[in-house]
Every structure is written in C-alpha cells, then in structure tokens.
1. Rounding to the nearest 20 debye, state how big the charge dipole of the chain is about its Cα centre with +1 on each Lys and Arg Cβ and -1 on each Asp and Glu Cβ.
2. Distance from the Cα centre of the range 195-211 to that of the range 268-284, in angstrom?
3. Check Arg265: other-chain or 5+ apart residues with amide H under 5 Å from its amide H, H built from backbone geometry?
4. Remind me, relative contact order of the chain in percent, using alpha carbon pairs under 8 angstrom and six or more residues apart?
5. Residue by residue through the range 310-317, what is 3J(HN,Hα) from phi via Karplus (6.51 cos²θ - 1.76 cosθ + 1.60, θ = phi - 60°)? Round to whole Hz and write x for glycine and proline.
6. Could you point to the residue in Gly286, Gly212, Leu33 farthest towards the positive end of the chain's charge dipole, with +1 and -1 charges on the Cβ of Lys/Arg and Asp/Glu respectively?
7. First measure r as the distance between the Cβ atoms of Ile348 and Lys293, then evaluate 1/(1 + (r/R0)^6) with R0 = 56 Å and state the FRET efficiency to the nearest 0.05.
8. Please sort 65-76, 341-352, 262-273, 318-329 by packing, taking for each peptide the average over its residues of neighbouring beta carbons within 10 angstrom, highest first.
Amino acid sequence: MHVPLNDVFKKLEGLGFEDIRHNYILEKDNASLIADEFGFEVTINEDYKDDLFPDVENEKLLKERPPVVTIMGHVDHGKTTILDYLRKSSIVDQEFGGITQHIGAFSVITPISKKKITFLDTPGHAAFLKMRERGAIITDIVILVVAADDSVMPQTIEAIKHAKKSGVPIIVAINKCDKHGVKIEKVLSDLSAQDIDIEDYGGETQTVKISGKTGLNMDKLEEAVITLSEMSDFKAEPTGIRADGWVIESEMIKGMGNVATVLVRRGSVKAGDFLVAGHTYCKVRGMKDEHGKPIKIAGPSTPVQIWGWKDLPESGDQLIQASNEQTCKRVTENRITRQKEIQASRDIESINQKRQDEI
Ligand code: GTP
Ligand code: MG
C-alpha cells in the first residue's frame with residue numbers, strides 16, 4: 001500500500017489492537033479492515049491454491065525461532081569488537097576450530113540458557129537501513145551500543161530513531177565499562193533524555209554494562225536478548241510453508257560462482273529449491289553455515305550462504321521460494337520489465353519538468 005509502517009501501527013492501535021509489532025500477523029478480515037482505512041479495497045481470493053503447499057494452516061505450524069539481532073551505535077563505540085567477541089566465543093562454545101569466514105550474519109548459542117541468537121553483522125546494518133526504507137524490518141531486536149566514556153552521540157540518536165520508527169525493541173549495551181573513570185550515571189541520564197525508558201530509572205528497557213574487550217557481562221547481554229525474546233514470543237513456520245527471507249549480502253566466489261548470504265525468515269530452504277530475489281533467481285546448488293560447514297536445510301532465523309544464483313542478488317532483496325524454474329524466470333522478467341517501465345515514466349516526468357522550468 002506504500003504506507004509508512006508507523007501509520008499502520010497508529011491505525012491498528014486506533015482500532016484497539018494491542019502490542020503491535022512489525023511481525024504481527026493479521027487475519028484476512030483484519031487485513032481488509034486496515035486496507036479499507038487507507039482507502040484500499042481488498043479482494044480475498046478464496047480459491048487461491050498455493051501450488052507448493054496446498055493445505056497451509058499457518059497458526060498451527062508456528063514454532064519458536066531464534067531472535068534476529070542487529071547491533072547499532074555511534075562510530076567507535078565498539079560494535080565490531082562486541083560482534084567479534086560473540087563470534088569467537090561461539091566458535092569456542094561449538095568447539096569448531098578453523099577459520100571463521102566473515103559473513104553478514106551468524107548464530108550463537110547462549111552460555112547459560114543454551115538458546116540460539118542470530119546476529120546481523122555490520123553489512124547487515126546497511127541491509128537493515130535499506131529494508132527499513134522499504135518498510136520491511138529484518139531484525140527483531142536492536143542492541144544499542146553506547147560507549148561509557150563517550151555517552152550518547154549523534155549516531156546513537158540516529159539508531160534510536162530507526163529502532164523506534166520500526167517498532168523494534170531496544171536493549172542498551174553500555175560498552176567500555178572496563179575503562180577507569182567512566183561515568184555510567186551520565187550515560188543513563190543521557191539515554192533517558194532521548195526517551196529511552198531504561199530499567200535503571202524504573203522503565204522497561206534493559207541496560208547491560210559490558211566490555212567487548214574483556215568480555216565483562218557479555219553473557220548477561222546474551223541473556224538480556226533471550227529474556228526479551230521470551231516476552232516477545234518470536235515464531236515462524238519451519239515447514240509446510242513457502243520459504244522466504246532476506247538477502248544480507250552477495251559476492252562472486254571463485255569455484256562457487258554467485259553466492260548470497262541469506263537470512264531465512266519462514267519455511268526452510270534446501271538444495272534443489274528454487275528461489276527468487278530481486279531481479280535474479282537460483283536453483284540452490286548448495287548451502288554453508290557461517291563456519292563454512294555444509295548444511296542440508298536452513299529453517300527460520302538461520303543465516304546461510306547459498307550458491308547457484310544466475311546473477312548476484314542485492315543486499316536487502318527479499319527472497320521467496322518458487323515452485324519451478326519457469327516461475328522464477330517469469331517473475332524476474334516481469335520485475336525487470338516493470339522496473340524499465342517505471343524508469344521510462346520517470347524519464348518522461350523529468351523531461352516534462354525541465355520543459356516546464358524552461359517555459
Ligand atoms: P565503527 O565500525 O568505526 O563504527 O566502530 P565500532 O563501533 O565497530 O568500534 P570498534 O569495535 O572498532 O571499536 C573502536 C575502538 O574501541 C577500538 O580501538 C576498540 O579496541 C575499542 N574498544 C571497543 N570495545 C571496547 C571496550 O569494551 N573497552 C575498551 N577499553 N576499548 C574498547
Ligand atoms: Mg565497526
């Protein structure tokens with residue numbers, strides 16, 4: 001509908017819906033109601049049959065899935081250090097030696113509750129922003145990193161704005177707490193001044209005082225993510241549904257061809273599946289996890305490298321499973337044609353504008 005997500009939230013709230021988040025699933029009747037509010041008429045196709053999964057009853061298929069977490073914050077506040085720490089400790093935990101490839105997303109198992117969390121790496125940050133522009137939100141939780149020795153800075157405020165607009169809950173990680181003389185009280189009051197209702201002042205937003213360098217309270221940070229996920233109850237259908245997800249990044253790798261790092265949102269992807277993303281498609285030739293280990297199947301919230309793409313899909317592209325190669329071809333051709341049409345009409349518009357300006 002090309003309506004900002006926030007407006008949809010407001011409408012939903014106005015209609016009495018509670019605890020609305022970006023991944024809220026609307027029943028068809030409610031979806032029609034909302035569309036109606038924005039002046040759209042919805043036609044529900046009762047005869048619609050999904051050729052891949054003819055008998056889908058989504059509610060029953062929903063299972064708990066790992067939360068997807070993005071780390072944001074001001075320059076030099078320690079985002080990469082934190083991710084590196086999490087990544088390394090996860091390798092140790094899994095006793096999986098060897099070299100970790102730098103891929104845009106990775107999963108860790110938490111030290112205490114042994115639950116899985118998927119982190120998006122900094123390229124994921126770019127994908128996050130791009131997708132937000134399109135009104136799609138890939139992340140469930142934002143960890144807002146604030147360096148204790150620097151406090152709230154312009155990009156911290158920017159990150160708060162993005163998270164709030166998307167309706168994504170925040171956990172604050174006050175980093176560099178190993179440093180001497182840091183004033184945590186100042187960070188807390190600066191955050192509060194940005195309308196973050198931190199638990200230290202009786203609010204709901206968890207704050208964890210950490211050091212990405214020494215590892216101080218990093219386990220607590222992971223547990224904070226698990227606590228928040230348990231409250232939010234993140235779910236998806238691992239089976240019985242057409243798989244979809246997001247392209248985090250893509251590259252040409254010698255010997256493998258076009259490879260995309262993908263985050264599966266719903267359903268499961270396996271070798272031989274057909275996938276469409278942006279202007280290209282793929283017959284999945286193989287998949288690897290973030291450690292370079294081959295995997296057979298990738299379910300919800302799983303980051304995975306997939307190869308077999310005709311061309312490189314773009315970071316931020318949505319990915320969807322198709323039933324066969326013909327469908328993939330048709331969809332991508334349609335998309336390319338549509339884009340050309342849009343471009344052509346833009347060109348005409350700008351020519352007309354120029355003429356008018358001249359007149
Ligand atoms: P950008 O990617 O440039 O935005 O920075 P970043 O947020 O990824 O910060 P990065 O992890 O690169 O850390 C910046 C500097 O702070 C580096 O010199 C780190 O070694 C240092 N640093 C990060 N975390 C800590 C910490 O917990 N304690 C201390 N003492 N130094 C830290
Ligand atoms: Mg960095």
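Rule-based calculations on the coordinates, nothing more; no lab input. Since the structure is predicted, the reported quantities are computational estimates derived from the model, not experimental observations. Note that each Cβ is placed from the backbone with ideal geometry, even for glycine, and that neighbours are counted across all protein chains shown.
1. Details: 47 positive and 57 negative charges, 269 e Å.
Roughly 1300 debye for the chain.
2. 41 Å
3. HN-HN under 5 Å from Arg265: Asp244, Gly245, Trp246, Ser301.
4. Working: 667 pairs, mean separation 57.7, N = 359.
Dividing the mean separation by the residue count of the chain yields 16 percent.
5. After applying 6.51 cos²θ - 1.76 cosθ + 1.60, I find 5, 10, 7, x, 9, 4, x, 5 Hz.
6. Positive-end residue among those listed: Gly286.
7. So the FRET efficiency works out to roughly 0.60.
8. On the way: 65-76: 22.7, 341-352: 10.0, 262-273: 21.0, 318-329: 17.1.
Ranked from most to least packed, the peptides come out as 65-76, 262-273, 318-329, 341-352.
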